[in-house]
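Novice: Once you've had a glance at the structure underneath, I'll fire off some questions.
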Amino acid sequence: MTPTRRTLVAAALTAPAILRFGLGAAQAATTLKLSHQFPGGTIDEGDFRDRMCRKFAKAIGERSQGALEVQVYPGSSLMKTNAQFGAMRKGALDMSLYPSPYAGGEVAELNIGLMPALVTSYAQAVAWKSAPVGRKLTELLESKGIVLVSWVWQAGGVASRERPLVAPSDAKGMKVRGGSREMDLMMKQAGAATLSIPSNESYAAMQTGACDAVITSSTSLISFRLEELSKALTSGRERSYWFMLEPIMMSKTVFSGLPKDQQDLIMAVGAELEPFGQTGAKEDDTRVEQIFSKAGAKVSQLDEQVLGQWRELARETAWKDYAGRNASCAELLKLAEQVA
């Protein structure tokens with residue numbers, strides 16, 4: 001059949017797309033699914049971790065000119081929280097903003113992302129990425145099928161149903177959610193009972209009395225409305241023994257399947273958003289105090305002496321246990337201690 005003028009014009013119009021993207025990429029846009037456990041909002045309002053994911057999605061879509069799209073699934077709406085890391089390793093989930101110690105059961109080394117009293121300031125936390133400990137952690141994750149796209153650290157505090165949990169001596173007899181195996185070891189040594197749940201289950205645990213105190217990031221204390229159930233807050237604004245690494249991660253299988261320009265774009269946007277993440281975390285350290293105070297909770301701070309007590313307790317328990325897990329853990333801990 002002789003081609004009509006219409007088909008020839010249509011072919012001419014599609015030719016630039018083929019020339020620009022190559023024959024293999026001249027199909028529909030690649031869509032990546034980015035999951036997280038935190039409450040959803042908008043790009044301008046709500047939990048900064050959700051906003052960070054939405055900013056990431058917007059930048060990727062715009063700068064790839066629609067060739068690469070990212071869909072954000074908040075509130076564990078795509079899959080359950082604890083399943084996300086394993087799914088990324090298998091290539092069944094593209095991306096997640098994921099608390100690294102949640103994956104400690106699969107990869108023991110990742111518990112260093114919430115090692116009590118190891119990181120005690122944002123300056124120290126941010127320095128990890130370019131330090132030997134950050135490079136080692138990045139290499140380790142890649143060997144396990146995960147690419148670290150955007151580093152985010154958050155300080156945390158303690159929301160208590162009744163009495164404050166400030167010093168180690170306060171923990172005796174309390175049921176505490178710490179957030180990692182290592183945090184639990186330290187709390188048990190202080191005399192607390194512990195329970196292991198994702199932070200998005202904290203409200204129900206406190207509401208039922210299964211938990212007396214929840215230690216989590218300032219942002220989660222706000223997003224999960226724990227001020228409604230708490231009479232006391234120990235703030236992480238001035239200093240804290242609870243700093244968690246909550247990066248945007250990506251399946252290496254999926255990442256490796258993308259063309260080089262899209263890989264570079266993903267890593268560039270991830271790095272560019274890190275200041276936004278750290279600013280959001282710091283702002284919430286202040287905002288959580290305001291919210292809990294307004295709700296009638298007593299707000300306390302840690303001083304250097306009390307922080308030192310927690311550090312000694314952590315060194316005897318969590319640090320020692322972690323270093324004894326395997327040679328890789330011991331090396332990571334040693335490298336982390338070198339970051340002042």
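Novice: Against the conditions (1) closer than 27 Å to Ala336 by Cβ; (2) surrounded by 14 or more Cβ atoms within 10 Å (Cβ to Cβ), where does Val254 fall short? Just the number, please.
Specialist: (1)
Novice: Output the residue which, of all residues in segment 144-175 that are β-branched (Val, Ile, Thr) and under 18 Å from Met186 (Cβ atoms), is nearest to the chain's Cα centre (by Cα).
Specialist: Taking segment 144-175 as the starting set, the residues that turn out to be β-branched (Val, Ile, Thr) are 146-147, 149, 152, 158, 166.
If we keep only those that are under 18 Å from Met186 (Cβ atoms) too, we end up with 158, 166.
On the way: Val158: 18, Val166: 24 Å.
Applying the filter and picking the extreme gives Val158.
Novice: Here's a follow-up. Do we find a residue being within 12 Å of Ile248 (Cα to Cα) and in a strand (DSSP E or B) anywhere in segment 51-68?
Specialist: For segment 51-68, residues within 12 Å of Ile248 (Cα to Cα) and in a strand (DSSP E or B): absent.
Novice: Can you spot a residue in segment 148-155 that is part of a loop (DSSP other than H, G, I, E, B) and either out of contact with any Cys (no Cβ under 6 Å at 6 or more places or on another chain) or in contact (Cβ under 8 Å) with a residue 12 or more places away in the chain (or both)?
Specialist: Pass one, segment 148-155, residues part of a loop (DSSP other than H, G, I, E, B): 151-152.
After this cut, where a residue has to be either out of contact with any Cys (no Cβ under 6 Å at 6 or more places or on another chain) or in contact (Cβ under 8 Å) with a residue 12 or more places away in the chain (or both) as well, the list is 151-152.
Scanning segment 148-155, I find at least one residue that is part of a loop (DSSP other than H, G, I, E, B) and either out of contact with any Cys (no Cβ under 6 Å at 6 or more places or on another chain) or in contact (Cβ under 8 Å) with a residue 12 or more places away in the chain (or both), so the answer is yes.
Novice: Yes or no: Leu165 surrounded by 23 or more Cβ atoms within 10 Å (Cβ to Cβ), out of contact with any Lys or Arg (no Cβ under 6 Å at 6 or more places or on another chain) and in a loop (DSSP other than H, G, I, E, B)?
Specialist: Numbers: surrounded by 23 or more Cβ atoms within 10 Å (Cβ to Cβ): yes; out of contact with any Lys or Arg (no Cβ under 6 Å at 6 or more places or on another chain): yes; in a loop (DSSP other than H, G, I, E, B): yes.
The answer is yes for Leu165.
Novice: Can you tell me how many residues within segment 190-220 are without any contact (Cβ under 8 Å) to a residue 60 or more places away in the chain, open to solvent by 10 Å² or more (accessible area, probe 1.4 Å) and within 22 Å of Phe48 (Cα to Cα)?
Specialist: So the answer is 3.
Novice: Being open to solvent by 10 Å² or more (accessible area, probe 1.4 Å) and either at pLDDT 95 or above or under 23 Å from the mean Cα position of the chain (by Cα) (or both) is true for just one of Glu246, Glu289. Which residue is that?
Specialist: Testing whether each residue is open to solvent by 10 Å² or more (accessible area, probe 1.4 Å) and either at pLDDT 95 or above or under 23 Å from the mean Cα position of the chain (by Cα) (or both) leaves just Glu289.
Novice: How many residues does segment 27-50 contain that are charged (D, E, K, R) and open to solvent by 50 Å² or more (accessible area, probe 1.4 Å)?
Specialist: Of the residues in segment 27-50, 3 are charged (D, E, K, R) and open to solvent by 50 Å² or more (accessible area, probe 1.4 Å).
Novice: When you check Thr31 against the structure, is it more than 30 Å from Gln154 (Cα to Cα) and either part of a loop (DSSP other than H, G, I, E, B) or at pLDDT 95 or above (or both), yes or no? Steps first, answer last, please.
Specialist: Numbers: more than 30 Å from Gln154 (Cα to Cα): no; either part of a loop (DSSP other than H, G, I, E, B) or at pLDDT 95 or above (or both): yes.
For Thr31, the condition - more than 30 Å from Gln154 (Cα to Cα) and either part of a loop (DSSP other than H, G, I, E, B) or at pLDDT 95 or above (or both) - is not met.
Novice: Looking at segment 82-143, what helices (runs of 4 or more DSSP H) fall wholly within it and have at least 2 residues that are surrounded by 24 or more Cβ atoms within 10 Å (Cβ to Cβ), within 15 Å of the chain's Cα centre (by Cα) and of a type in the set (A, V, I, L, M, F, W, C)?
Specialist: By residue number, 84-90.
Novice: How about segment 169-184: which of its residues are open to solvent by 50 Å² or more (accessible area, probe 1.4 Å) and modelled with pLDDT of 95 or more?
Specialist: Answer for segment 169-184, where residues must be open to solvent by 50 Å² or more (accessible area, probe 1.4 Å) and modelled with pLDDT of 95 or more: Ser169, Lys172, Gly173, Lys175.
Novice: In this structure, does Arg315 turn out to be charged (D, E, K, R) and either out of contact with any helix residue (DSSP H, G or I) (no Cβ under 7 Å at 6 or more places or on another chain) or modelled with pLDDT under 95 (or both)?
Specialist: yes
Novice: So, in segment 331-340, of the ones that are part of a helix (DSSP H, G or I) and open to solvent by 20 Å² or more (accessible area, probe 1.4 Å), which residue ends up nearest to Asp170 (Cα to Cα)?
Specialist: Pass one, segment 331-340, residues part of a helix (DSSP H, G or I): 331-337.
Now narrow it down to the ones that are open to solvent by 20 Å² or more (accessible area, probe 1.4 Å): 331, 334-335, 337.
Details: Glu331: 33, Lys334: 30, Leu335: 32, Glu337: 27 Å.
Here the residue is Glu337.
Novice: Further, regarding this structure: Going through Ser223, Ser328, Ser230, Ser300 one at a time, which residue ends up being open to solvent by less than 60 Å² (accessible area, probe 1.4 Å), more than 28 Å from Ser202 (Cα to Cα) and among the hydroxyl-bearing types (Ser, Thr, Tyr)?
Specialist: Values: Ser223 fails: more than 28 Å from Ser202 (Cα to Cα); Ser230 fails: more than 28 Å from Ser202 (Cα to Cα); Ser300 fails: more than 28 Å from Ser202 (Cα to Cα).
After ruling out the rest, the residue left standing is Ser328.
Novice: Evaluate the following for Arg63: is it over 19 Å from the mean Cα position of the chain (by Cα), at pLDDT below 95 and either open to solvent by less than 20 Å² (accessible area, probe 1.4 Å) or among the basic types (Lys, Arg) (or both)?
Specialist: No.
The values are calculated or read from the model by the stated rules, or taken from the named source; none is laboratory data. Please read these numbers as outputs of a predicted model, since none were measured by experiment. Here Cβ is always computed from backbone atoms with ideal geometry, including for glycine, and neighbour counts include all displayed protein chains. These area figures cover heavy atoms from the full protein model, side chains too; ligands, DNA and RNA do not enter into them. Shrake-Rupley method; radii C 1.70, N 1.55, O 1.52, S 1.80 Å.
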